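Right, one structure below, let's go through it.
The values are calculated or read from the model by the stated rules, or taken from the named source; none is laboratory data. The model shown is predicted, which means the values in this text are computed figures rather than measured ones. FYI the Cβ positions are ideal-geometry reconstructions off the backbone, even for glycines, and counts take in every protein chain you see. For the accessible areas, the whole protein counts, side chains as well, though only heavy atoms, and no ligand, DNA or RNA atoms are used. Shrake-Rupley method; radii C 1.70, N 1.55, O 1.52, S 1.80 Å.
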Amino acid sequence: MLEDIKASTLRLAVLVCFLVDAQEPLQYDLDMPPPLSAEHSIYMDKDEVVDLGNGKQLTIDDIVIGMEYLFERRVLYDKQRWKGMIMEQNPLDAFAIQHFLYKTKPDVLIEFGTNTGGAAVFYAEIMTSYNPASHVITIDPFDRVARSHTGHVPEVLASSSPLWGAAVKPIVGVPTWRNVSSRVGKLLKEFNASNVFILEDGRHRRHSVLSNLLRYHELIKPCGWILVQDTRLDRTLHRPGEGPYAAVEEFLTIVPHYRVRREFEYYLFTNNPMGWLQRVPPDHDCSIRW
């Protein structure tokens, strides 16, 4: 219900901008309650105290959840662009992901949740820079390239990128549908994939996230990775037990040898706390060499 209200509010704002021929983006805030209390925090170093030197002391959780609340309330995720394409990524997370990609060098990234496709192009540009034969398979129930799920129209369409349809392979459908998973399997075989990275950025509901992880986790090689995005939403949208982090917790109780790794949360402000999962079978050294 809250997502429907948010989407309606954003569409109205876009319409108002069009009607008044606004030269600057309209500033608007969503009417949403404050996040859940610190007992629900999963941020790294959350209890560390920061002395601001002006008589104020805040915990890292105070600082990060405050920024997170503004990020959501001011709809900052819809302002992020990559070469004019809407990518809907926290810029710090986008930078951490590109660091991860270049360090671990997966040859195929499977993204659940294409939206307008800007993030898929961003990932593909990074990946093809270290391996011209790498690919991004991006899956979404809807073709939203021309208009985001919140109603925003990108200045530049992701489908206009020379990588679209080449390094980026879009699939319209639900990831767990048999025809979709079959298509993914055929593409992986065609690409001769040896190092698959899964990025879950779909519906952000526990059952949907968990279903996707259970269907695709076996594609991950030992020491390979999955990133579950927007684990923050369990707290910021008051979804304890029903958001992406709840799916992570349940997945870890069902599937052995996956661990939460926090090395790529080094910016502290992240939409994906506790969302980086690595497959670590027994007798495997999966440490990261910095």
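Values for this structure:
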item: Interchain or long-range residues, amide H under 5 Å from H135's placed H; result: V108, L109
item: Two-site label geometry, D62 and S194: point separation in nm, points 7 Å out along Cα→Cβ; result: 5.1
item: Cβ-placed point charges (K, R +1; D, E -1), dipole of the chain about Cα centre in debye, nearest 20; result: 980
item: Kirkwood estimate for region 202-290, i.e. one over the average of 1/r between Cα atoms, Å; result: 13.4
item: Dipole of the chain, positive end: most advanced residue of G202, N192, T176 [Cβ charges, Cα centre]; result: N192
item: Alpha carbon convex hull of the chain, volume per residue in cubic angstrom; result: 152
item: Given charges at beta-carbon only (K, R positive; D, E negative), |dipole| of region 73-117 in Debye; result: 240
item: Heavy-atom accessible surface of the chain: percent carbon and sulfur, 1.4 Å; result: 55
item: Shape of region 49-168, Cα gyration tensor, a/c cut at 1.5; result: oblate
item: Residue-normalised accessible area of the chain, given per residue in Å² at a 1.4 Å probe; result: 48
item: Rg and Dmax of region 154-205, Cα atoms only, in Å; result: 13.0, 35
item: Translational diffusion of region 29-104, µm² s⁻¹ [Kirkwood Rh, Cα pairs; Stokes-Einstein; 4 °C; 1.567 mPa s]; result: 89
item: Residues whose placed amide H lies under 5 Å from that of T59, excluding near-sequence neighbours; result: V50
item: Cα-based equivalent ellipsoid of region 177-248: semi-axis lengths in Å, sorted from largest, via gyration tensor; result: 26, 13, 9
item: In order through region 229-239: 3J(HN,Hα) via Karplus (6.51 cos²θ - 1.76 cosθ + 1.60), integer Hz, x for Gly, Pro; result: 8, 6, 5, 4, 5, 4, 9, 6, 9, 6, 10
item: Radius of gyration and Dmax over the Cα atoms of region 152-272, both given in Å; result: 15.9, 44
item: Computed lengthening from C223 to L70, 0.36 nm per intervening residue step minus Cα-Cα distance; result: 51.6 nm
item: Two-site label geometry, F142 and N179: point separation in nm, points 7 Å out along Cα→Cβ; result: 1.9
item: Cα centroid of region 154-213 to Cα centroid of region 66-107, whole Å; result: 18
